[in-house]
Amino acid sequence: MSNEPNDPGSTTSFGFRQVAEGERQGLVNAVFSSVASRYDLMNDLMSGGLHRLWKAEFVAMIGAPRGDTPFRLLDVAGGTGDVAIRYARASGPNATAVLADISPEMLEEGRTKVAAEGLAARITLTQGNAEALPFPDRAFDAYTIAFGIRNVTHIDAALKEAHRVLKIGGRFLCLEFSECQVPLLDRLYDFHSFEVIPRLGQIAAGSAEPYRYLVESIRRFPKQEAFASMIREAGFERVSVRNLTGGIAAIHSGWKL
């Protein structure tokens, strides 16, 4: 398999199967287009509801000020706005966010939720690709991406973009499913992932295939230390990993210093 992004013969993974590199983003977009209206339900199914606790810890780590100090967050692959909304609720009136997502269907869901929360003045939604963000250098105080980076074709490019758009002293935070590191729990997690989730997807959304891809994409994603190394290679310092629920998910952190 070639790793050159511009090589027309290169392939990459889409779940457990190999596809032409140029086709992957379209396939991923199709998955999220099909599940956009049920995305929040999907996260409940995939995590057993634990994603709500994980996101609470994730947002607390952003460190946005509760006072009047300006603070600007970029939430990439922000989907239905879960992280951006939690951040806005927890921070002061001058803490704003830009929610960027490549999927217009996901953005529409996010726009509806942001408006319903009365946060349209503080959360802006923009269509954008994590690998080529439409923002200037050093524009944000923090960058978050939750359950999104494993769907990016070139993760290294997305990490470099994260580094580019952060101010000096800015923080990168990534919440992602990872490798369960607790014996027995890992077996239960595998059973839930491969046997239960697709069946629940069939019942809840009328199709098991999007859920099957999402489960497979978790298994193809780099393990904790491998991903931490990629973050360092992108230029971040003081890189750390915090396992959640035995490593079923993990929060990766890095600083632009």
SER253 passes all but one of the listed conditions (1) under 15 Å from the mean Cα position of the chain (by Cα); (2) not in a strand (DSSP E or B); the exception is number (2)
Taking first residues from region 229-257 that are without any contact (Cβ under 8 Å) to a residue 40 or more places away in the chain and second residues anywhere that are part of a helix (DSSP H, G or I), the pairs with Cβ under 6 Å that are 6 or more apart or on different chains are VAL239/ALA228; VAL239/ILE231; VAL239/ARG232; VAL241/GLN224; VAL241/ALA228
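Each row is one residue, and each column tells you yes or no for (1) touching a Pro at 6+ places or on another chain (Cβ under 8 Å); (2) surrounded by 19 or more Cβ atoms within 10 Å (Cβ to Cβ).
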position: THR126; (1), (2): yes, no
position: ILE145; (1), (2): no, yes
position: ALA162; (1), (2): no, yes
position: VAL165; (1), (2): yes, yes
position: GLY169; (1), (2): no, no
position: CYS174; (1), (2): no, yes
position: ASP186; (1), (2): no, no
position: TYR189; (1), (2): no, yes
Scanning region 128-166 residue by residue, those of a type in the set (Lys, Arg) and in contact (Cβ under 8 Å) with a residue 60 or more places away in the chain turn out to be ARG150, LYS160
Restricting region 135-173 to residues that are assigned to a loop (DSSP other than H, G, I, E, B) and in contact with a strand residue (DSSP E or B) (Cβ under 8 Å, 6 or more places away or on another chain), the one farthest from VAL98 (Cα to Cα) turns out to be THR153
Contact list, first residue from region 102-127 and within 16 Å of ARG38 (Cβ to Cβ) and without any contact (Cβ under 8 Å) to a residue 60 or more places away in the chain, second anywhere and in a loop (DSSP other than H, G, I, E, B) and of a type in the set (Val, Ile, Thr), beta-carbon distance below 8 Å, six or more apart or interchain, is GLY110/THR80; LYS113/THR80
In region 1-56, residues that are modelled with pLDDT of 75 or more and in contact with a strand residue (DSSP E or B) (Cβ under 7 Å, 6 or more places away or on another chain) total 10
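Each row is one residue, and each column tells you yes or no for (1) within 23 Å of VAL31 (Cα to Cα); (2) of a type in the set (Val, Ile, Thr); (3) in a helix (DSSP H, G or I).
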| position | (1), (2), (3) |
| --- | --- |
| LEU175 | yes, no, no |
| CYS180 | no, no, no |
| ASP186 | no, no, yes |
| HIS192 | yes, no, yes |
| PRO210 | yes, no, yes |
| LEU214 | yes, no, yes |
| ARG219 | yes, no, yes |
| MET230 | no, no, yes |
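The values are calculated or read from the model by the stated rules, or taken from the named source; none is laboratory data. Given the structure is predicted, the values throughout are model-derived calculations rather than measurements. Cβ coordinates were reconstructed from backbone atoms using ideal geometry, including for glycine residues, and neighbour counts include every protein chain displayed.
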